[in-house]
Amino acid sequence: MDPLVRTIDFLIAVDSPLTQYFNYDESKIRSAVVTLMHSVSAYLYPLKIRVALAEIVPIKGYNLSLDDFGSWKKAQNHQAAHDIAVLLRYKHEGGIAYVNGVCSVNSIAVAGFTPEATSKNAWLFIHEVAHVLGLSHEAQATCSCVQKQPGECLRLKGFEECSAQQLADLLPKHRCLEPNNRLRRPIVSLCGNGIKEFEEECDCGPEKWCDNILCNATDCRFVLKKNLLFFIFSFGSAFIFFIVLVSTGEFTFNRVKKLLHAKGRKVPPSSPVCNEVEEKRGRRIGNKVLDVAKSPDLNGSYVVMNPPKNLLNSLAIFPRDNLLLTP
């Protein structure tokens, strides 16, 4: 399947009988259309098709045909930019569309709409949209989903075998649907379409496909408030930075120690630095550490000299005859 994600902006027209059914209440009409488009989006989402609502327009007329709808659309001068226009016809049993009409003036369809049958409405809508995108009833499937390896054949519940795959294969042929050609913004927000719109804080697509644990797919709001997310992110970043400093602390500590010694600064006797210096500069005898005198050679490095006399005089473990004491 083509990796590009394509967005189809829909202009939805509502005929007079459907408008009357909702008592000309704009909010009820809008709610019914949004519910329909939610179902449509859920079916088309796996095909990498995103559904956006460009506009919802009431249209005067009864029993309008596809040609009637086309004539009405051509007469409109101030429509929101869109890819496909669909007329919802009240309690119409079927639908009609121009096959492969997308990216042209024939990018229109008529679909029946029964307010009590949400699922049926969605399938009629998708059926006609598939026609507009180029899928016809005469098209023959060239693959068998049973024989194909997983991931090689798209098949959605309710579609004929491989018809969804054919629809996905047709999408790259429509240049007007390429992501680079989409310069418009939808007028109506549609939560769950995978597009962050207007007042939405996030939009991870339909709940079934949402992979963002911070986003609530049903209302397109963050599970946690933004300021709380900012606090968690800031605190988490600081904690991770602290862990990194601790894990690399020995290297940093050694650098600081060398810097202090280089500048002639004194290190507290009880500090780990002092103990480490004693280990490196001293000569251990039993549980005691003996200071060893050092003197620079001609090359600038240090050579170990004999221990001081007062130390050897207090210890009887060295044979005095075998030591050459320096005056």
- Message: Here are the criteria: (1) in contact with a Phe, Trp or Tyr (Cβ under 6 Å, 6 or more places away or on another chain); (2) loosely packed, with under 14 Cβ neighbours inside 10 Å; (3) among the aromatic types (F, W, Y). Tell me which single one Y45 does not satisfy.
- Response: (2)
- Query: Which residues, counting only those in the range 102-139, are touching a His at 6+ places or on another chain (Cβ under 8 Å) and part of a loop (DSSP other than H, G, I, E, B)?
  - Reply: V102, C103, L133, G134
- Query: Among I29, I8, which is touching a helix residue (DSSP H, G or I) at 6+ places or on another chain (Cβ under 9 Å), assigned to a helix (DSSP H, G or I) and either surrounded by 20 or more Cβ atoms within 10 Å (Cβ to Cβ) or modelled with pLDDT under 95 (or both)?
  - Reply: I29
- Note on the structure: The lone condition N63 fails out of (1) out of contact with any strand residue (DSSP E or B) (no Cβ under 7 Å at 6 or more places or on another chain); (2) closer than 30 Å to E207 by Cβ is (2)
- Message: Checking M37 against (1) more than 32 Å from the chain's Cα centre (by Cα); (2) under 25 Å from F198 (Cα atoms): exactly one of these is not met. Which one?
- Response: (1)
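Got at least one residue in the range 123-138 being β-branched (V, I, T), within 15 Å of D15 (Cβ to Cβ) and under 32 Å from the mean Cα position of the chain (by Cα)?
Looking through the range 123-138, none of the residues is β-branched (V, I, T), within 15 Å of D15 (Cβ to Cβ) and under 32 Å from the mean Cα position of the chain (by Cα).
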- Item | Tally of residues being touching a Lys or Arg at 6+ places or on another chain (Cβ under 8 Å) and in a loop (DSSP other than H, G, I, E, B) across the range 63-101 | 6
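The values are calculated or read from the model by the stated rules, or taken from the named source; none is laboratory data. If you're wondering where the values come from, they're calculated on a predicted model, not measured in any experiment. Reconstructed Cβ throughout: ideal geometry from the backbone, glycine too, with neighbour counts over all protein chains shown.
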